[in-house]
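Let me begin by handing over the structure; questions about it come next.
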Amino acid sequence: MARDFKDKVIVLGVTGSVAAYKACELASRLVEAGAEVIPVLTSGGREFVGAASLEGITGQRAITDMFEPAQNPEIEHIALARRADLFLIAPASANVIAKSAHGLADDWLSTTLLATRAPVLYAPAMNTKMYQHPATQDNIALLKRRGCHFVGPGSGALACGEFGPGRLIDTPAILEAASIALRNDHSLEGKHVLLTSGANHEPIDPVRFIGNRSSGKMGYAIALEALKRGAQVTVITGPCDVAPPFGVTIIQADTAVTMLDAVTDLLPSADIFVAAAAVADYRIENPPTKKQKRDDQPLRLELTPNPDIAAHVGLTRAAHQIAVGFAAETHDFLEHAQRKLQEKQLDLIVANDVSGADSGFGTETSRAWFLTPDEEAEVLPLLAKSELAERLFTRILALPRAAAVCDG
Ligand SMILES: Cc1cc2nc3c(=O)[nH]c(=O)nc-3n(C[C@H](O)[C@H](O)[C@H](O)COP(=O)(O)O)c2cc1C
């Protein structure tokens with residue numbers, strides 16, 4: 001995600017909420033990722049966090065007053081309204097949301113929000129009753145209709161002692177939403193991307209399982225890329241180290257059979273299916289319900305082949321649906337992937353090398369090839385998984401079948 005923020009100008013509006021201190025961590029993560037972050041504190045925000053903290057973290061002078069002598073020419077609101085790539089209001093008070101919805105311009109932030117045409121992302125934080133109040137809900141709905149982005153709030157125990165929605169959502173979720181807002185890509189708007197991700201754990205008994213090394217990192221990258229392109233995304237995930245992005249619907253399915261059940265249920269509503277999970281090839285048909293005792297004799301397990309989920313989708317999907325698979329290989333990559341592409345009747349297969357220290361399960365990068373039924377295999381350089389996901393959707397949208405998916 002870091003490359004999404006490189007050299008981007010992000011105006012970080014911090015308003016009067018107890019969660020304002022969390023803006024410091026957010027600013028720090030954005031700066032680390034290469035963004036130029038201009039902090040803006042409303043009068044409410046100044047009660048909760050000091051300008052010096054945000055200035056120290058961002059290396060930029062904080063904007064706190066509309067009429068302060070212009071030591072920094074950027075304080076002139078129009079200049080920054082034009083130069084910003086993103087306005088991120090985190091935490092966003094009920095007040096700033098209401099003012100934005102109704103076009104009030106009584107301080108620097110609300111004035112500049114009217115002047116900018118950059119994407120605007122609000123991360124609301126407030127008492128549950130304030131959040132649920134019809135006035136706040138109507139204001140949020142109005143801003144969404146105008147194209148503003150929202151992330152959160154999270155639910156849980158609030159500083160005011162209540163329990164419910166109103167917590168500032170966690171920093172990783174805000175960063176994901178910021179990367180989506182910055183991209184401003186609508187190439188999959190209105191489309192449903194269904195994805196499997198992660199590993200499978202096939203039980204041997206109630207405490208042991210057969211598993212594999214899939215981390216879920218590739219699935220995470222594919223899901224986030226689909227979100228950035230405006231898709232509705234459902235991730236059917238097995239156990240993994242990296243949870244899917246916040247903006248997706250998550251369905252947990254730990255075994256190949258439960259994963260197939262979930263895919264079968266959801267496939268009719270999908271436009272694009274991507275099989276990125278490392279589905280277990282075998283399972284124990286009826287694992288014992290009690291823990292098996294150890295003894296000194298060899299243990300023999302009888303393994304039954306699991307259903308092939310990608311093949312099931314490839315062979316049963318409707319004509320307008322796109323089916324994409326992954327072939328994790330350690331050798332003869334193209335030969336194995338070509339066979340899978342044909343047997344499973346897929347539109348595209350990503351052959352990936354899972355044998356290297358820099359490519360495979362758990363790595364940040366991947367070495368891959370795109371294979372389609374009609375064209376020469378496309379050889380890709382070693383890529384960050386996020387870049388591979390970006391190229392994958394560009395390739396999917398160039399498939400002959402994509403015309404039907406994206407026009408319909
Ligand atoms: C201790 C305290 C905590 C507050 N927390 C919040 C909050 O989390 N969210 C919110 O919308 N307002 C909160 N408020 C009220 C706002 O600070 C108040 O509405 C203020 O006018 C917001 O101004 P601003 O939007 O310009 O920052 C809190 C007030 C106090 C005194």
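Read-outs: derived from the displayed coordinates by stated rules, not from any lab. Keep in mind it's a predicted model, so treat the numbers as computed, not measured. So basically every Cβ, Gly included, is an ideal-geometry build from the backbone, and we count neighbours across all protein chains shown.
If you filter the stretch 53-155 for trypsin sites (Lys or Arg not before Pro), then keep DSSP loop positions with at most 12 other Cβ within 10 Å, what is left?
Values: sites: ARG61, ARG82, ARG83, LYS99, ARG117, LYS129, LYS144, ARG145, ARG146; in loops: ARG61, ARG117, ARG146.
Counting only loop positions with at most 12 other Cβ atoms within 10 Å, the trypsin sites (Lys or Arg not before Pro) in the stretch 53-155 are ARG117, ARG146.
How large is the charge dipole for the chain, taken about the Cα centre, if only the Cβ atoms of Lys, Arg (+1) and Asp, Glu (-1) carry charge, to the nearest 20 debye? All intermediate terms of the calculation are to be shown ahead of the outcome.
On the way: 38 positive and 49 negative charges, 149 e Å.
Taking the Cα centre of the chain as origin, the dipole is about 720 debye.
Still on this structure, I have one more. Hey, if you put +1 on the Cβ of every Lys and Arg and -1 on every Asp and Glu Cβ in the chain, which of PHE273, LEU383, VAL207 ends up farthest toward the positive end of that dipole?
VAL207
Regarding the chain, what's the average projected area of the Cα-atom convex hull, expressed in nm²?
Values: hull surface 96.1 nm².
It is 24.0 nm².
What net charge do the residues around GLY147 carry, taking every other residue with its C-beta under 13 Å from that of GLY147, with Lys and Arg at +1 and Asp and Glu at -1?
Values: positive: ARG117, LYS144, ARG145, ARG146; negative: GLU189.
Overall, the nearby charge balance is +3.
Where Lys and Arg each count +1 and Asp and Glu each count -1, what net charge lies around ARG339 among other residues with Cβ under 13 Å from its Cβ? List each step's numbers first, then the result.
Details: positive: LYS340, LYS344; negative: ASP308, GLU329, ASP332, GLU335, GLU343.
Residues near ARG339 contribute -3 overall.
Dividing the convex hull volume of the Cα atoms of the stretch 91-238 by its residue count, what figure in Å³ per residue is obtained?
Numbers: hull volume 22.1 nm³, N = 148.
Each residue corresponds to 149 Å³ of Cα convex hull volume.
Please compute one quarter of the surface area of the Cα convex hull for the stretch 2-183 and express it in square nanometres.
Answer in nm², one decimal: 9.2.
Of ALA20, ILE322, LEU392, which is farthest on the positive side of the dipole of the chain, counting Cα position, with +1 on Lys and Arg Cβ, -1 on Asp and Glu Cβ, and the Cα centre as origin?
ALA20
Along the charge dipole of the chain, which of LEU88, THR304, VAL405 sits closest to the positive end, that is, farthest toward it, with unit charges on the beta carbon of Lys, Arg, Asp and Glu (+1, +1, -1, -1)?
LEU88
While we're looking at this one, here's another question. Quick check on packing: order 35-45, 313-323, 276-286, 330-340 by the mean number of other C-beta atoms within 10 Å, highest mean leading.
Working: 35-45: 22.5, 313-323: 17.5, 276-286: 19.4, 330-340: 15.4.
Packing proxy ranking, top to bottom: 35-45, 276-286, 313-323, 330-340.
Further question on the same structure: Using the Cα centre as the reference, give the magnitude of the dipole from point charges on the C-beta atoms of the stretch 2-183 (Lys, Arg: +1; Asp, Glu: -1; all else neutral), rounded to the nearest 20 debye.
Details: 17 positive and 18 negative charges, 111 e Å.
Dipole size: approximately 540 debye.
Which order do LYS291, LYS191, LYS228 fall in if you start with the one that has the fewest other Cβ atoms within 10 Å?
Numbers: LYS291 11, LYS191 19, LYS228 26.
So the ranking, lowest neighbour count to highest, is LYS291, LYS191, LYS228.
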